[in-house]
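No lab work stands behind these numbers, since they all come straight from the coordinates. Computed from a prediction, not measured in an experiment: that's the story for all the values here. A quick note on method: Cβ atoms are made from the backbone with ideal geometry, for glycine too, and the neighbour counts reach across all protein chains shown.
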Amino acid sequence: MLVSSESGAAEIVSARDETRFYDDVGCLATDWAKRLEQRAAEATIATPFVRLGTGGWTDARTAWFARPASARTAMGSGLVAYATADEAKAADRDGRALAWSEVTQ
C-alpha cells in the first residue's frame, strides 16, 4: 500500500511476515483483529505500531485513540492515536478515550 501521509499511518511488524503498512488506524485495527482470529499466536510474533497525532510512533496496544471532530483520515475511520488517555479525551469529539482493545472489537 502506498502511504501518502504519515498522519494516521500504521504498520504491523512481524518476525514471520513482511511489514504491512496502513494509511488509516481503522484499517490496522480491522486487520489486526482478523489476524488474531486466524492466528492466535500473532500477538507474540508481531507488533502493531501507530503514528501518534502529536508525532512519533508507538505500539498500538499501549496507545489511546480518539475521534476528533476535525480528523480527516485516509479511509474515513476518524481514529487518531495518542500517547495518553488524557490527550485522547481532550481531543475526542465526545470526550472519550478508546483503548486498543475497544478499537479492535
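Can you tell me the FRET efficiency between Ala99 and Glu18 if r is taken as the Cβ-Cβ distance and R0 is 30 Å, rounded to the nearest 0.05?
Computed FRET efficiency for Ala99 and Glu18 comes out at 0.60.
What angle do you read, to the nearest 10 degrees and between 0 and 90, between the alpha-carbon axis of helix 25-38 and the longest principal axis of the chain?
30
How high is the relative contact order of the chain, in percent, counting Cα pairs under 8 Å that sit 6 or more residues apart?
RCO, the chain: 26 percent.
Starting from the Cα gyration tensor of the chain, take the square roots of the eigenvalues, sort them a ≥ b ≥ c, and report rounded, prolate or oblate (rounded when a/c is under 1.5, otherwise prolate if a/b is larger than b/c, else oblate). Can you show the working numbers first?
Values: a/c = 1.90, a/b = 1.50, b/c = 1.26.
Judged from the Cα gyration tensor, the chain comes out prolate (a/c at least 1.5, a/b above b/c).
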